[in-house]
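Visitor: Provided herewith is a single structure, encoded as structure tokens, for subsequent inquiry.
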Amino acid sequence: MRHLLSTTDLQRETATALLDTAEALKQALLGREVRKLPTLRGRTVVTLFYESSTRTRASFEVAGKWMSADVVNISAAGSSVAKGESLRDTALTLAAMGADCIVIRHPASGAAHRLASWVPTHVVNAGDGTHQHPTQALLDAATLRERLGTLNGRTVTIVGDVLHSRVARSNIELLITLGARVHLVAPATLLPCGVENWGVENWGVANRVTVGHDLDAALPGTDAVLMLRVQVERMQGGFFPSAREYSISYGLTEARLELLPEHAVVLHPGPMLRGMEIAHSVADSPRAAITEQVRNGVHVRMAVLYHLLAAQEEQA
Ligand code: CP
């Protein structure tokens with residue numbers, strides 16, 4: 001694996017290998033007082049973030065440090081980007097300093113792909129516009145595997161702002177690749193045109209996503225429900241009448257939690273809009289795996305850095 005830019009081209013074997021490595025790393029670190037492996041000693045990982053982040057950025061930093069890499073964090077606001085430096089010049093500058101891997105988050109869809117064409121460094125897409133967030137999908141899959149045992153044949157319902165969500169795009173692709181069925185529930189205004197046909201050329205008509213607008217009807221047949229963040233910062237205009245009306249139709253309330261089968265899991269990528277997308281009590285309930293998602297995020301990102309920077313060398 002040279003880069004991790006999207007889940008589109010992630011083969012089932014590669015995705016499973018990444019998830020297995022993440023699980024092995026988690027087990028290896030369990031109960032250790034000092035969480036430090038020598039695997040990436042001498043390697044430099046740069047996180048380059050043009051958008052705000054808590055989880056993704058911090059967990060890449062922790063992941064790198066737990067594997068003994070040198071980690072450098074750059075925010076657009078405090079860098080020469082603020083003086084007008086282009087993405088290409090910034091990337092070439094970081095590569096010239098010896099970065100082995102650049103982890104980039106950018107508001108423009110396709111930014112990570114462009115970056116990968118300019119530098120000899122490994123590139124990880126940590127979220128590009130409304131396009132892709134592959135490590136989020138991988139950590140969601142890791143969490144579902146832990147809770148449900150397998151994704152094969154499971155039904156995952158993705159709820160909310162699919163239109164602006166890179167998390168939804170990456171998840172739809174990865175979940176179907178791993179054998180799950182995906183059902184989308186959202187207001188018509190927050191669904192991309194033709195979403196029913198996404199990936200049909202790869203997975204065939206039988207595996208394509210289904211779409212509905214009635215959350216209450218979808219929940220009883222669901223093994224996992226992935227609540228999406230409403231991406232107000234990407235919205236120009238009114239996509240729903242009010243936060244209250246959104247919550248009434250698409251919020252995961254305590255009453256709706258009761259509609260889910262007993263084994264079903266609740267996910268949210270965060271940051272959450274509590275009280276609107278998800279009730280406080282649901283987010284904090286044992287059915288929700290939101291903290292586990294964050295915890296697994298570190299191990300998944302360790303696995304990604306390992307496969308990019310160390311695995312081939314170790315095999316050789
Ligand atoms: N889920 C996610 O990408 O969160 P951050 O924006 O905090 O990184």
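The values are calculated or read from the model by the stated rules, or taken from the named source; none is laboratory data. For clarity, every value in this text was computed on a predicted model and none was experimentally measured. Glycine gets a Cβ as well: all are built from the backbone with ideal geometry, and neighbour counts include every protein chain shown.
Visitor: Give me the helices (runs of 4 or more DSSP H) completely within the stretch 238-316, filtered to those with at least 1 residues that are surrounded by fewer than 17 Cβ atoms within 10 Å (Cβ to Cβ) and within 15 Å of the ligand (Cβ to nearest atom), ordered by residue number.
Guide: Hits in the stretch 238-316: 290-309.
Visitor: How many of the residues making up the stretch 110-152 are within 22 Å of Pro192 (Cα to Cα) and free of Cβ contacts under 8 Å to residues at least 24 places away in the same chain?
Guide: Adding up the residues that qualify gives 1.
Visitor: Would you confirm, using the coordinates I've provided, whether Thr54 is surrounded by fewer than 21 Cβ atoms within 10 Å (Cβ to Cβ), in contact with a Cys (Cβ under 9 Å, 6 or more places away or on another chain) and modelled with pLDDT of 95 or more?
Guide: No.
Visitor: Can you name the residue in the stretch 10-35 that is part of a loop (DSSP other than H, G, I, E, B) and surrounded by 13 or more Cβ atoms within 10 Å (Cβ to Cβ) and is also modelled with the lowest pLDDT among such residues?
Guide: Among them, the one singled out is Arg35.
The rows are residues; the columns are (1) within 15 Å of the chain's Cα centre (by Cα); (2) farther than 12 Å from Tyr306 by Cα; (3) of a type outside the set (Ser, Thr, Tyr).
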residue: Ser6; (1), (2), (3): yes, yes, no
residue: Thr14; (1), (2), (3): no, yes, no
residue: Leu18; (1), (2), (3): yes, no, yes
residue: Glu23; (1), (2), (3): no, yes, yes
residue: Gly42; (1), (2), (3): no, yes, yes
residue: Tyr50; (1), (2), (3): no, yes, no
residue: Thr56; (1), (2), (3): yes, yes, no
residue: Glu61; (1), (2), (3): no, yes, yes
residue: Gly64; (1), (2), (3): no, no, yes
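Visitor: Any residue in the stretch 227-237 that is closer than 25 Å to Leu174 by Cβ, away from the ligand (no atom under 16 Å from the Cβ) and either at pLDDT 95 or above or part of a loop (DSSP other than H, G, I, E, B) (or both)?
Guide: No.
Visitor: Arg147 - would you say it is surrounded by fewer than 22 Cβ atoms within 10 Å (Cβ to Cβ), in a helix (DSSP H, G or I) and assigned by TED's automatic domain parsing to the domain that holds Val300?
Guide: It is false that Arg147 is surrounded by fewer than 22 Cβ atoms within 10 Å (Cβ to Cβ), in a helix (DSSP H, G or I) and assigned by TED's automatic domain parsing to the domain that holds Val300.
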